[in-house]
Ligand code: GLU
């Protein structure tokens with residue numbers, strides 16, 4: 001059975017880009033009698049606003065979607081800890097105390113998520129009484145995992161190239177997991193067979209595929225869809241003035257009609273679909 005998911009983070013209201021993403025994930029599952037899941041990605045307690053999760057559910061209902069909701073990330077901390085422990089046993093994690101500014105100053109390469117960590121703490125004495133993040137020793141992990149491939153239903157067969165990320169953070173200073181670790185574990189735990197999300201997360205899949213191999217998790221397929229862009233060709237963002245779904249809903253707009261238009265790629269003025 002095909003299982004897809006929509007996994008919003010409750011740190012801001014949903015906009016048209018989220019609606020587009022949720023509709024694609026919903027329809028890909030429903031066309032084949034599959035299951036469409038909603039997972040609230042609230043691992044970042046400081047940035048998450050619990051009341052937004054209800055707002056998201058109202059938005060999805062307004063769009064005419066139905067879903068099965070799986071437990072939010074904040075209830076899955078133990079599974080993140082267990083996976084981090086497993087990676088530590090494999091000697092694939094090391095503690096890091098560097099600040100963002102230090103990394104920006106020291107990094108020589110740029111990766112998909114910004115400056116590539118130069119590995120400073122791998123070679124340094126770390127004061128473990130201070131908060132530390134845990135980083136993946138990516139080269140070593142690649143050595144253990146061997147060559148890996150993954151399949152994107154839009155972009156075809158891919159060979160995994162996690163090295164471009166450098167040593168990514170898997171456990172954050174104040175949180176039990178980073179996005180990469182949490183999302184990979186959750187998709188496996190939820191039985192997701194087709195990970196559907198925007199093309200802005202395409203690169204992240206290289207790391208997720210590596211984590212699946214290291215942790216012995218099942219390998220799904222992926223569907224990275226094109227993004228909706230604003231007038232300046234940037235990804236939609238509430239902070240740049242893209243209307244939220246709740247604004248549209250509260251203004252009395254018809255959500256099912258909007259969903260039909262998004263399906264047909266009939267977009268409101270000023271919004272376009274990223275080029276293939
Ligand atoms: N929680 C992520 C976001 O809101 C989505 C992660 C994913 O789909 O893998 O951007």
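Bear in mind these aren't lab numbers, they're just calculated from the coordinates by the rules spelled out. Everything numeric here is computed off the predicted structure, so don't read it as measured data. Backbone-built Cβ (ideal geometry, glycine too); neighbour counts: all protein chains shown.
Return yes or no: is residue 175 crowded, with 17+ Cβ neighbours inside 10 Å and under 18 Å from the mean Cα position of the chain (by Cα)?
Criteria met by residue 175.
I want to confirm something. Restricting to the range 199-218 and keeping residues that are touching a helix residue (DSSP H, G or I) at 6+ places or on another chain (Cβ under 6 Å) and within 12 Å of the ligand (Cβ to nearest atom), which single residue is farthest from residue 8 (Cα to Cα)?
Selected residue: 207.
Can you go through 47, 100, 76 and tell me which one is closer than 28 Å to residue 206 by Cβ and surrounded by 13 or more Cβ atoms within 10 Å (Cβ to Cβ)?
Numbers: 47 fails: surrounded by 13 or more Cβ atoms within 10 Å (Cβ to Cβ); 100 fails: surrounded by 13 or more Cβ atoms within 10 Å (Cβ to Cβ).
The unique qualifying residue is 76.
How many residues are closer than 18 Å to residue 188 by Cα and surrounded by 17 or more Cβ atoms within 10 Å (Cβ to Cβ) if we restrict to the range 203-239?
Qualifying residue count, the range 203-239: 16.
Which residues, taken from the range 151-164, are within 15 Å of the ligand (Cβ to nearest atom) and surrounded by 19 or more Cβ atoms within 10 Å (Cβ to Cβ)?
Of everything in the range 151-164, nothing turns out to be within 15 Å of the ligand (Cβ to nearest atom) and surrounded by 19 or more Cβ atoms within 10 Å (Cβ to Cβ).
Would a scan of the range 240-252 turn up a residue that is surrounded by fewer than 13 Cβ atoms within 10 Å (Cβ to Cβ), farther than 20 Å from residue 180 by Cβ and touching a helix residue (DSSP H, G or I) at 6+ places or on another chain (Cβ under 9 Å)?
Residues of the range 240-252 that are surrounded by fewer than 13 Cβ atoms within 10 Å (Cβ to Cβ), as a first pass: 240-241, 250-252.
Now narrow it down to the ones that are farther than 20 Å from residue 180 by Cβ: 240-241, 250-252.
From the residues that got through so far, the ones that are touching a helix residue (DSSP H, G or I) at 6+ places or on another chain (Cβ under 9 Å) too are none.
Looking through the range 240-252, none of the residues is surrounded by fewer than 13 Cβ atoms within 10 Å (Cβ to Cβ), farther than 20 Å from residue 180 by Cβ and touching a helix residue (DSSP H, G or I) at 6+ places or on another chain (Cβ under 9 Å).
Of the numbered conditions (1) closer than 30 Å to residue 257 by Cβ; (2) surrounded by 20 or more Cβ atoms within 10 Å (Cβ to Cβ); (3) within 16 Å of the ligand (Cβ to nearest atom), residue 63 fails exactly one; give the number of that condition.
(3)
Being touching a helix residue (DSSP H, G or I) at 6+ places or on another chain (Cβ under 8 Å), in a loop (DSSP other than H, G, I, E, B) and within 12 Å of the ligand (Cβ to nearest atom) is the filter here, so list the residues in the range 14-60 that pass it.
Narrowing the range 14-60 to residues touching a helix residue (DSSP H, G or I) at 6+ places or on another chain (Cβ under 8 Å): 14-16, 18-20, 22-23, 27, 34-36, 38-43, 45, 48, 55, 58-60.
From what is left, the residues that are in a loop (DSSP other than H, G, I, E, B) are 14, 34, 39-43, 45, 48.
Once the filter is applied, which keeps residues that are touching a helix residue (DSSP H, G or I) at 6+ places or on another chain (Cβ under 8 Å), in a loop (DSSP other than H, G, I, E, B) and within 12 Å of the ligand (Cβ to nearest atom), the range 14-60 yields 14, 39, 40, 41, 42, 43, 48.
Please work out if residue 73 is closer than 30 Å to residue 135 by Cα and within 16 Å of the ligand (Cβ to nearest atom). Lay out the reasoning, then the answer.
Details: closer than 30 Å to residue 135 by Cα: yes; within 16 Å of the ligand (Cβ to nearest atom): yes.
So residue 73 fits the description; yes.
Collect the residues in the range 232-276 that are part of a helix (DSSP H, G or I) and in contact with a strand residue (DSSP E or B) (Cβ under 7 Å, 6 or more places away or on another chain), keeping them in residue-number order.
Step one: filter the range 232-276 for residues part of a helix (DSSP H, G or I), giving 238-240, 245-250, 255-263.
Listed by number, the residues that qualify are 238, 245.
When you look at residue 267, is it more than 13 Å from the chain's Cα centre (by Cα), surrounded by 15 or more Cβ atoms within 10 Å (Cβ to Cβ) and within 15 Å of the ligand (Cβ to nearest atom), yes or no?
In short, no.
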